[in-house]
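Worksheet: the structure to be examined is printed underneath.
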Amino acid sequence: MKSRRKNGFLFMTALYFIIVFCMCVSRFNVIMTIIGGPLTRVEEINLSPFHSIRENLEYGRNPISWDMLYNIVMFVPFGIIYCYYQKYFRVYRAIGMSCLTTALIEGAQFVLKTGVVDIDDFIVNTLGSLMGITVYVILQHIFIRNQQWEIHEFIDIMATMLPPIFVAFVAEMFLGDGSLKMLPAHSGMLLCYGLFVYTFLIKDFTRKAKVYYLLCYVGVFYLSLVVL
């Protein structure tokens with residue numbers, strides 16, 4: 001069971017990198033090329049730190065925009081991933097990889113001309129990764145103290161919730177219109193994937209743990225739909 005969950009997390013990691021690449025680097029140009037849609041071509045560079053916050057304050061808006069919060073949340077998993085895959089965990093390695101990842105994404109946008117190369121994006125995205133590292137360190141201390149779960153096992157289990165959320169996100173982006181028309185399809189996918197997870201990944205759990213997992217699984221999924 002543990003090896004299956006670990007392989008599942010490896011698959012989730014690859015899937016997440018692909019999604020972030022499509023969103024941040026290609027701006028879905030790969031998909032648009034396939035379906036014949038318009039391509040994104042942007043050639044802008046901004047090296048003035050915190051200009052977005054200053055601009056929002058100037059126009060009387062909230063200094064922290066939804067785009068900034070979205071970028072922070074999107075990069076939290078990177079911090080966790082770079083901690084998870086270290087054989088001998090070192091915080092500075094995870095921080096270095098997080099900064100390098102953000103720099104590579106901004107560099108790829110510049111080379112491919114698919115987005116604004118923005119120092120604010122670098123700061124915000126790196127902040128998201130640092131939050132992920134912080135979450136990992138806190139969980140590590142909690143589990144070491146309680147001696148109930150191993151942190152990698154916990155992350156493997158929580159990662160089983162991600163695939164339906166990814167699929168729902170992409171479906172809403174290309175097929176959704178803000179209505180509830182996709183809800184039956186989302187619910188059917190949630191049920192089918194839930195049965196798969198139960199059979200192959202959490203069948204060895206205690207009854208109490210299964211109930212907690214089910215409540216968290218369904219809650220996180222529908223909460224993500226509300227956010228979408």
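None of the figures in this text is laboratory data; all of them are computed from the coordinates on show. Keep in mind it's a predicted model, so treat the numbers as computed, not measured. Cβ: placed from backbone, ideal geometry, glycine included. Neighbour counts: every protein chain shown.
Within the stretch 195-228, work out how many residues are farther than 14 Å from I157 by Cβ and touching a residue at least 24 places away in the same chain (Cβ under 8 Å).
Total meeting the criteria: 5.
Any idea how many residues of the stretch 71-94 are part of a helix (DSSP H, G or I), aromatic (F, W, Y) and surrounded by 14 or more Cβ atoms within 10 Å (Cβ to Cβ)? Full working, then the answer.
At the first step, the residues of the stretch 71-94 found to be part of a helix (DSSP H, G or I) are 71-84, 91-94.
Now narrow it down to the ones that are aromatic (F, W, Y): 75, 78, 82, 84, 92.
Among the residues that remain, those that are also surrounded by 14 or more Cβ atoms within 10 Å (Cβ to Cβ) are: 75, 78, 82, 84.
Final tally of qualifying residues: 4.
Quick test of your reading of the structure: L175 fulfils all but one of (1) without any contact (Cβ under 8 Å) to a residue 40 or more places away in the chain; (2) among the aliphatic types (A, V, I, L, M); (3) surrounded by 15 or more Cβ atoms within 10 Å (Cβ to Cβ). Name the failing condition by number.
So the condition that L175 fails would be (3).
Exactly one condition in (1) over 23 Å from T101 (Cβ atoms); (2) within 22 Å of the chain's Cα centre (by Cα); (3) surrounded by 13 or more Cβ atoms within 10 Å (Cβ to Cβ) is not met by F166; state its number.
Looking at each condition in turn, F166 falls short on (1).
Do the conditions hold for L162, that is, is it aliphatic (A, V, I, L, M) and under 21 Å from V135 (Cβ atoms)?
Details: aliphatic (A, V, I, L, M): yes; under 21 Å from V135 (Cβ atoms): yes.
It is true that L162 is aliphatic (A, V, I, L, M) and under 21 Å from V135 (Cβ atoms).
Please specify each residue of the stretch 139-150 satisfying the condition of being without any contact (Cβ under 8 Å) to a residue 24 or more places away in the chain and crowded, with 16+ Cβ neighbours inside 10 Å.
If we filter the stretch 139-150 for residues that are without any contact (Cβ under 8 Å) to a residue 24 or more places away in the chain, which is where we start, we get 139, 141-150.
Answer for the stretch 139-150, where residues must be without any contact (Cβ under 8 Å) to a residue 24 or more places away in the chain and crowded, with 16+ Cβ neighbours inside 10 Å: L139, F143.
Could you look through the stretch 95-130, keep only residues that are of a type outside the set (S, T, N, Q) and outside any helix (DSSP H, G or I), and pick out the one that is surrounded by the most Cβ atoms within 10 Å (Cβ to Cβ)? Spell out the reasoning first.
Quick first cut of the stretch 95-130, residues of a type outside the set (S, T, N, Q) only: 95-97, 99-100, 103-108, 110-113, 115-124, 127-128, 130.
Subset that is outside any helix (DSSP H, G or I): 113, 115-118.
Working: K113: 12, G115: 22, V116: 14, V117: 20, D118: 20.
Among them, the one singled out is G115.
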